[in-house]
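Below is one structure, written out as structure tokens; comments come after it.
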Ligand code: SF4
């Protein structure tokens, strides 16, 4: 049970339900291959049935942690921090990103966009989900749109979502991991016919790194 004081700190973003933090290589999307420090925040109600971090869903399983402590743990070599989840925008990200900026770290977020945008970000990766669509305000701010493709209907969803982002937004189609062998040929053909899109692969899973 969270007491009132802790709840106030959570509301201000001075505590966050940390699930894990680790230094690795960004495996997917525009920044694939770059070293990055990942901060995974608990809590998500988007409910993707194929989600590979279902342990993140229940925020109560991830103890509120002082945001200053989360930042102190960051690996000294890191120059980029990726905040992911769960759905990190459930929480107030202003305090965390201000601390990161003070340390000259690049701030990246991976979000479904289904909660109000907070935080000061250098890179917003928007990955919309049909089960809980993004709030309209985030589309124009997305630097990268990443659509997970499970079936051929997702190409239509991808185009509907791409119609809402700004013209500089990088567009990616990424096969859902368990469907990758089935979907890759369709994605390859689609990208060749529609070259505004690029392919994103979960290279960290091929490399067997977190
Ligand atoms: Fe999992 Fe992300 Fe979907 Fe939430 S939005 S259920 S964390 S894949």
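With both labels modelled 7 Å from their Cα along Cα-to-Cβ, the residue 72 to residue 140 distance reads 4.1 nm.
A simple spin-label model places the labels of residue 177 and residue 52 0.3 nm from each other, with each point 7 Å out along Cα-to-Cβ.
Each helix, a run of at least 4 DSSP H residues, gives -39500 (n - 2.57); summed and divided by the residues of the chain, these come to -6500 deg cm²/dmol at 222 nm.
Take every pair of alpha-carbon atoms less than 8 Å apart whose residues are at least six positions apart; their mean separation over the length of the chain yields a relative contact order of 18 percent. Which log10 I(q)/I(0) values does segment 166-210 give at q = 0.14, 0.20 Å⁻¹ under the Debye formula, counting every alpha carbon as one identical point scatterer? For segment 166-210 at q = 0.14, 0.20 Å⁻¹, log10 I(q)/I(0) is -0.38, -0.70.
Computed on the Cα trace of the chain, the radius of gyration divided by the Kirkwood hydrodynamic radius gives Rg/Rh = 0.96.
On C-alpha positions alone, give me the angle between the axis of helix 180-193 and the longest principal axis of the chain, in degrees, nearest 10. Helix 180-193 sits at roughly 70 degrees to that axis.
Quick note: the coordinates plus some simple rules give every number you see, no bench work behind them. Since the model is a prediction, treat every value here as computed from it, not as a measurement. Note: ideal-geometry Cβ built from the backbone for every residue, glycine included; neighbour counts use all protein chains shown.
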